[in-house]
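Visitor: The structure that follows is given in the form of C-alpha cells.
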Amino acid sequence: MNLHGPETGRALLADADNITAAGSLLKSRLAHRTSREEIFTTIHALRNQGLNCSEIGRRTGFPRRSIAKWLQFETPPDRKQAALKPTSPWYFEEFLSQSWKDGIRTGSALYRMIQERGYEGSQSH
C-alpha cells in the first residue's frame, strides 16, 4: 500500500520510490533472518560444548526458556505471523492490489470499497 495525500488521494511516493522502499524492507528482513540464524548457530555451538541453558543464557543475553525452545529445533524456527483481522488494512491487501490493477487509484474510492467489505479503520476520513 502506498501513502496518499489527503487533498488529492494521489500517491505521495513515485513508483520508483515504492520499489526502493520495498527493496529496503526486503534487505532488512533478510538481515534479520541472517541474524537469527547466527544466534541459532551460536546457541547450538555452546550446547555442543556442554553448556546448559542457564549458562548459554548468561553468555548470550537470551532468556533460558528461549534457549531451551531453540535447542529443540534442528533449524531456526520461522516466526509466526499473527492472523490478519478485518480491522487491519493489510487484511485487504489482495483486494486493494487487484483494484489498483483495475485502475481504481484514488484513496477515497479504495477506502470506501474496503469499508463496504468490513474495514473499520480510523474514522477520520
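Visitor: Step by step: first the residues of segment 61-76, then only those that are farther than 12 Å from T41 by Cα and not small (G, A, S), then the one that is surrounded by the fewest Cβ atoms within 10 Å (Cβ to Cβ). Which residue is that?
Guide: Q72
Visitor: Right, next: Note down all Cβ pairs under 6 Å where the first residue falls in segment 82-95 and is of a type outside the set (D, E), the second is at pLDDT 80 or above and not in a loop (DSSP other than H, G, I, E, B), and they're at least six residues apart or on different chains.
Guide: L84/W90; L84/Y91; F92/I114
Visitor: For segment 100-121, does any single residue satisfy the condition of being modelled with pLDDT under 90 and closer than 30 Å to N48 by Cβ?
Guide: no
Visitor: With the requirement that a residue be out of contact with any Cys (no Cβ under 7 Å at 6 or more places or on another chain), modelled with pLDDT of 85 or more and among the β-branched types (V, I, T), what does segment 22-73 give you?
Guide: Within segment 22-73, I39, T41, T42, I43, I56, T60 meet the criteria.
The values are calculated or read from the model by the stated rules, or taken from the named source; none is laboratory data. Because the structure is predicted, anything quoted here is derived from the model rather than measured. All Cβ positions, glycine included, derive from the backbone under ideal geometry; neighbour counts span all protein chains shown.
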